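Engineer: Take this structure, written in structure tokens, and hold onto it; I'll ask about it next.
The values are calculated or read from the model by the stated rules, or taken from the named source; none is laboratory data. Every value quoted in this text rests on a predicted model; they were computed, and no experiment measured them. Each accessible area value is taken on the protein alone, full model and side chains, heavy atoms only, with ligands, DNA and RNA left out. Shrake-Rupley method; radii C 1.70, N 1.55, O 1.52, S 1.80 Å.
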Amino acid sequence: MRTLTQAMLVAGATLIAGSAIAADMPYYPPVIEIPDVDYGVSGSFYLRGSAAGNLMWAPRVNHPTAIDPAFPIDGFGYGYSVGAGAGYELGNGLRVDATVDYFNNEGMRTTLTTTGAGPLAAGVHTLSLRSTVLLANAYYDFALGGDGYGAAGGMFGYVGGGAGVAFNDFITNGPGFADTRDQNTSFAAAGMIGAGYDFGQVVADIGYRGLYIHDLNNDAAPNPYSIPNNFVHEVRGTVRYRFN
């Protein structure tokens, strides 16, 4: 009986002492790891719209019926373009899209003199060009001032290139022969560079596009001509809308 009583007293003292010690110990709440929020959007389809101002130039105009068949271009043409497209972001900084642009340019010119001009009238001859340009494009987006790749929220830059076809409708204006109109289809290509801001669902950017139209040619007699290697410089703004 005495042994049982002693055991109960020891157990009670131990319980009281343990409670006192636990009351004096500081409390540390459990640490829960929360992963960083990823604001980037990957694997997204998008639609896009763009508008640009342009400046166009070519090295020369070829007139096979003239005594001297090549005349240098001595004046730029000015104009604009508007376009739309659809594409897909791969999620690793790369994206691809297909675009269609309506392209307008006026006033690219050559000045012909009487010397060596053959049947052509001397004076200023200008070009009016309307084109529908279809391109398949690829781009790489990279973050500006942050970690990671692609347009992962905030500022980004991009580079890109494209290739396709231009459906051209053009008129030459000048003295001598009546104004001539013709159409042709030509290879086209483009290179792009720029910067923008990723708002999440909407992405806006502004940049430079260099557009190349391989050839404009009129085979109609009595004044056939061709304008090879047309280079267009554009400042273009674009807005993209993502479908997540």
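Engineer: Given a 1.4 angstrom probe, I'd like the percentage of the accessible area of segment 77-145 that is carbon and sulfur, rounded to a whole number.
Structural biologist: The nonpolar share, carbon plus sulfur, comes to 64 percent.
Engineer: Also, I was wondering about something else. Whole-Hz ³J(HN,Hα) for each residue in segment 193-210, computed from phi via Karplus 6.51 cos²θ - 1.76 cosθ + 1.60 with θ = phi - 60°, x for glycine and proline: what do you get?
Structural biologist: 8, x, 8, x, 9, 9, 8, x, 6, 10, 10, 10, 8, 9, x, 9, 10, x
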